[in-house]
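We did not get these values from a lab; they are worked out from the coordinates using the rules stated. Since we're looking at a predicted model, the values are computed, not measured. Virtual Cβ from ideal backbone geometry, glycine too; neighbours counted across all protein chains shown.
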Amino acid sequence: MSAGPYNYSYIFKYIIIGDMGVGKSCLLHQFTEKKFMADCPHTIGVEFGTRIIEVAGQKIKLQIWDTAGQERFRAVTRSYYRGAAGALMVYDVTRRSTYNHLSSWLTDARNLTNPNTVIFLIGNKGDLDAQRDVTYEEAQQFAEENGLMFVEASAKTGENVEEAFLETAKKIYQNIQDGSLDLNAAESGVQHKPNGGQAGAGGRATLNNSSAGQTRENCSC
Amino acid sequence: MFHVPVMDLEELVKHKLLPGHKLIAAVQAGLVQEFVKRDRALALIEGFEAADVSAHLDIIAANKRSGAVPAVEVERAVLVLCSTAEFLPSSPSQFFIESVLPIDARFKYTIDGLEISHRSYALTDGNQSAILLSLSSSRHQLLFEMTFSQKTNIFVSEVMKAAEGVSKRKAPTPEFTWLKPYLNNSASSGSSKPSAAGDHNQNSQQIFTIEGGSPCLVADLIGMSPEGADGGSQTVNSDGGAGGDNFIETGRDVVANRASPSHKGGLGGSLAAEDEADLLRVKDITLDNFALNQSTFYKPAVMPVLAGARESHVQHMMAQRQGSYTHALPLTVFVGTWNVNGVPPSIGLIEWLAVDPEPPDVYALGFQELDLATEAYIFQASNREPEWRAAVLSSLHPAARYVEVKLVRLVGMLLMVLVQEKHAKHVSRVQACTVPTGIMNMLGNKGGVSVSLELYNTSVCFVNCHLAAHVEEYERRNEDYDCICEKTVFVGPSGLQRYIRDHSHIYFFGDMNYRISASPEVNIRKLASAGQYETLLKLDQLNQQRRIGRVFKGYSEGPINFQPTFKYDKDTDSWDSSEKQRQPAWCDRILWAGEGIEQRIYRVHMALKISDHKPVSASFSSQVKVIDQAKYRRVHEEVMKQLDKMENEFLPSVSLSKSEVVLSPVHFLELQSETITISNTGQFPVQFSFIKKLNDEECCKPWLKIHPKSAFIPPGGDCVVRLDVKVDKSSAWVLASGAEQLYDILVLHLDGGKDYFITITGDYVRSCFGSSINALVHLNKPFCEVPVAQLIDLESSAPQKTLELPYAIPKELWYLVDHLHSHALSTEGLFTRPGLSKELCEIRAALDAGMPSRELGVSVHSIAQALLVFLEALPEPVVPCSLYPAALRAAAEGYLPAKQVVSQMPDYHRNVFTYLMAFLNELLVHRHENKLDASTLGSL
């Protein structure tokens, strides 16, 4: 993974997951464009954004996949988890239901990504303190219990958005440095394409099988 | 890229040329401005000064006879042409000259290789190499991206040749008067803005704005210091260029591809792909004819800057924004030169080096004939060097502390560069070079010694030279100068080569030995002594050679108002009294080149008399660039951010006419079609495909057919995707049993971009077709009147609602068989002739409605086929799967085993089997009429 003639050394694939309307696309937009996108339509599909950042002097290209949050797409968006180096799991601090669903999102993230995938919990809409429905403390506790990194952010004001993406990258980079993230595995993940040019290769068979069952189930809902 | 056959392009350019001017090479290129790339054509043309026209024609005529090489030196220039047509320009009127870059001394080029692996390049599909060619003249600085091809190779090497020719040229500085008509042309065409073709709708607007925008860009570039763009790019020498492929970097960007490379593997061609090959690849993509034509010649007005080229573009843009993060710092540069005629430093040098009130920031001191001892030629060491070095160090300006940056000596030529201590940490990339031009260009009695360094953020070069002696040898001196310019190369750690001319600030000095040309009516000594320098300076050979443009092109020299520096009797101020009686001359000179250099003082130091030359010095106020690191980072970040933003904005995007398809009730075997229009709303060609979801075999459910599954859409174009829904025997039973619903999410993937989900929902109207025997026998009313819940219940393994007295066989089966039995026992071709699909639907509807099929006016063949379909659509065949192998064995073994198998069948299945067998038997009875035989029926 040498930089070659290009000005980045690594590509990290991120996914953004969470309930519908928690502001996943807005976070992505704020991170890539430094702008708040008001009246953002529901994502029907998977949006894609990139940005080059710097961690410890290394240029890293982030490829961010922003998934549709609607429940009916859940089965399909599961296709996109694989090979993610970082997963940003988003809830809306003003809607408790989005927080309550975190464990289900977390299950998906744990099941469908590799064990070293850094999962970062983001409580979005932190600017709407008056309408707060989920306290910082309980989310903090949830994050601690599940070993997640956590921050409250606001895609509207931009607060902590940069931090969430960068901290995730730092953690991934750290994992590479201390050897806990196998670069080869990560690389195959980066190269992964949801239409599965190389699906079912080697050690992934079990993962495929388990998720196959889930896909079926959810298709019939 | 628009693909114009090369002949066409050349023909078009030729139309733009004036008579007598020749087109050398033409090539298409993308002009990179800021973040976008626009299509241009580049043409290398050849012409000559108007005054030479007649001479040139004469010579050409003469050459035709003799075959000799023309003596008149032609000049070359690069024309940048812009097309107003969206597609291939078809007439010269659609083509105008945007800018003209004469290949003169100020012309510079750099080349970078890059590899395109950006997935939005659907047109070329796959990796394709390109080169970045940066051209700069006194007025323009332009960056072009060119696909790698033979044409490009020819063009680039011709440009290199031309540039090299200029640097070697001995004739006067080219004036390029012959280019003037083109310059006017480009100005007028630019302002009058030819109207863009109206029928080529979507891009005319963009081209229009680009035309408007170009002049601004040129304005931005004017006055930019030339070193801006080539700061980091590599200067390619002529070998590399002429050699062809080898200047392309061939590193593959595996990580840059978002998708697995296997996807592209088959299509990714060789690096040196010809344009034709690119065209062929386009055809690999599923396209309708219209799209193919569009794509082949489609010329997007704006192309994204490619990911692989980022670094070059960042450098380019940073260079363009230089003003916003640098400021100028004026430094005093003291340049001294002295031919010491081999004497030791018996005196102090303060009267040469420290006569100004303020201490200079930089000293560059050149000595010639430092050591005339024979040993100095043979051995590296010289006793004189440390002596003179010590003398210099002890005579520097007392008001400041200096550190020696570099000392370089070649025989008698010594160059010392010193800077004030406070600047020492801002001096970097210090390199030295020596070039001998003495006997055989091998011996160092003549030549040049140079030091190259980075002073703050300005590249500076000091050259101390000693050129050939003797009055009449000025041509030798010219050649020595050429030789020093050509051979002085500083090679950096990364292999980067820098010539003298590649520096922003150049100080060229030394004993140049140019004399005052002898003239019978001029008494040189008398005029020199009397201080009447004007006449003498006109006869000064250096001035003469510079006037005709033979040497020191682009250099300046301050006015000389001091007496000749040569030749004096030692320890005196009197002219040479030896036998030779050498005439006085200004042998010792100081010239400079570069922006922001102002000479304050140019003088001779008469007080130092130990040599036959007097020392000369010049003091400059030189503006060096200082990068404000904080500002630089800010600008750099801004540039990066903009690039990121562009990259995101340039991702392909489409709009869908609907993202949700709701089907009207779907009946068994009834085709229903829906369409979705995919419109390319982005600025780039889009390649889309419906992709498989994780672990799915196909991109959609078996009851759905998508056409096309992938296609190419040009910007502004549409593609209508047809979705055909048809539930047939293979999918009917899963839907009937409730195991699956008529629901699917399609993933529409854009190559290099995002994915869209398309939801398809519909209600499947259950039918007796696709229902199980067990369920059907429990239905005593027409199928369509049975509630769905009951159907699902009956299909389940343990149905709750069953009839007390179920039918022996499904009544629908009875209807069909009875119909055939009553009407068709004697029909020829029964079961072998196909029925009509329309009638099949009618039969299906009738059966579901409980209406006897005999009341339908349908053909018996359709009824026969309906029977077959009915049997095939059964979730569990009449002979259950579990008994199938046994049944096959039994068929071969005879009656008893067969009977045993039949007895093992579930009740209703056995009933159906027996019933069908009876019917088939009946058919065979009538075999003479219906021409059926046992084997045909057996195969059914």
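Worth a mention:
- Extension gain (nm, one decimal) between B:THR535 and B:GLU351, 0.36 nm per residue minus Cα-Cα: 63.3 nm
- Label-point separation, B:ALA891 to B:ILE601 (7 Å along Cα→Cβ), nm: 11.6
- Charge sum, other residues only, whose C-beta stays under 12 Å from B:ILE560's C-beta, Lys/Arg counted +1 and Asp/Glu -1: -1
- Using the Cβ-Cβ distance between B:THR677 and B:LYS425 with R0 = 41 Å, the FRET efficiency computed as 1/(1 + (r/R0)^6) comes to roughly 0.05.
- Model label sites at A:LEU128 and B:GLN497, defined 7 Å from Cα along the beta-carbon direction, differ in position by 6.5 nm.
- Net charge, A:TYR136 excluded, C-beta distance under 11 Å - Lys, Arg +1, Asp, Glu -1: -3
- Net dipole in debye of region A:76-164 [+1 Lys, Arg Cβ; -1 Asp, Glu Cβ; about Cα centre; nearest 20]: 500
- Spatial separation of Cα centroids for region B:626-653 and region B:325-398, in angstrom: 46
- Normalised by the number of residues in region A:10-195, the average gap of Cα pairs under 8 Å and 6 or more apart makes the relative contact order 26 percent.
- Its convex hull of Cα atoms gives region B:589-731 a direction-averaged projected area, equal to a quarter of the hull surface, of 19.1 nm².
- The B:LYS781 and A:GLN141 beta-carbon pair, evaluated with R₀ = 51 Å, returns a calculated FRET efficiency of approximately 0.25.
- For the peptides B:456-465, A:99-108, residues were scored by their other Cβ atoms within 10 Å and the scores averaged per peptide; the highest-first order is B:456-465, A:99-108.
- Those residues of region A:124-168 whose amide nitrogen sits under 17 Å from the label point placed on A:ALA56, 7 Å along Cα→Cβ: A:166-168
- Near the amide H of A:GLY18, within less than 5 Å, lie the amide hydrogens of A:VAL90, all on another chain or at least 5 residues away, with H placed in the peptide plane.
- DSSP-loop trypsin sites (Lys or Arg not before Pro) across region B:332-401, with at most 15 other Cβ within 10 angstrom: B:ARG401
- Which listed pairs, of A:LYS24/B:LYS701; B:LYS425/B:LYS446; A:LYS34/A:LYS61, have C-alpha distances above 27 Å, in listed order: A:LYS24/B:LYS701; B:LYS425/B:LYS446
- Spin-label model, A:ASN100 to B:SER822: label points 7 Å out along the Cα-to-beta-carbon direction sit 6.2 nm apart.
- Per-residue extension of 0.36 nm, minus the Cα-Cα distance of B:GLN629 and B:LEU924, leaves a gain of 96.3 nm for this segment.
- A straight Cα-to-Cα reach below 18 Å connects B:LYS631 with the lysines B:LYS641, residues fewer than 8 places away in its own chain not being considered.
- In sequence order, region A:61-74 has phi-based couplings of 9, 9, 10, 10, 10, 9, 8, 5, x, 4, 4, 5, 9, 3 Hz under the Karplus curve 6.51 cos²θ - 1.76 cosθ + 1.60, θ = phi - 60°, and Gly or Pro positions carry x.
- Förster radius 25 Å - calculated FRET efficiency between B:ALA518 and B:THR572 (Cβ-Cβ, nearest 0.05): 0.60
- Using the Cβ of B:TYR182 as centre and a radius below 11 Å, the other residues enclosed give a net charge of +1, where K and R count +1 and D and E count -1.
- Global form of region A:10-195, assessed from the alpha-carbon gyration tensor, a/c cut-off 1.5: rounded
- Under 5 Å between amide hydrogens, built in the peptide plane, is the criterion, and for B:ALA105 it picks out nothing among residues at least 5 positions away or on other chains.
- Backbone HN-Hα couplings from phi across region B:419-429 [Karplus 6.51/-1.76/1.60, Hz, Gly and Pro as x]: 10, 4, 3, 5, 9, 3, 6, 9, 9, 9, 6
- Listed values for region B:406-411 are Karplus-derived 3J(HN,Hα) couplings in whole Hz (6.51 cos²θ - 1.76 cosθ + 1.60, θ = phi - 60°), namely 6, 10, 9, 9, 10, 6, and x replaces Gly and Pro.
- Within straight-line cross-link reach of B:LYS422, lysines at Cα separation under 21 Å, skipping those fewer than 8 residues along the same chain: B:LYS406, B:LYS625
- In region B:544-599, the GluC sites (Glu not before Pro) that fall in loop regions by DSSP, at most 11 other Cβ within 10 Å: B:GLU579
- Built amide H within the under 5 Å cut-off of B:ALA585, gap 5+: B:THR565, B:PHE566, B:LYS567
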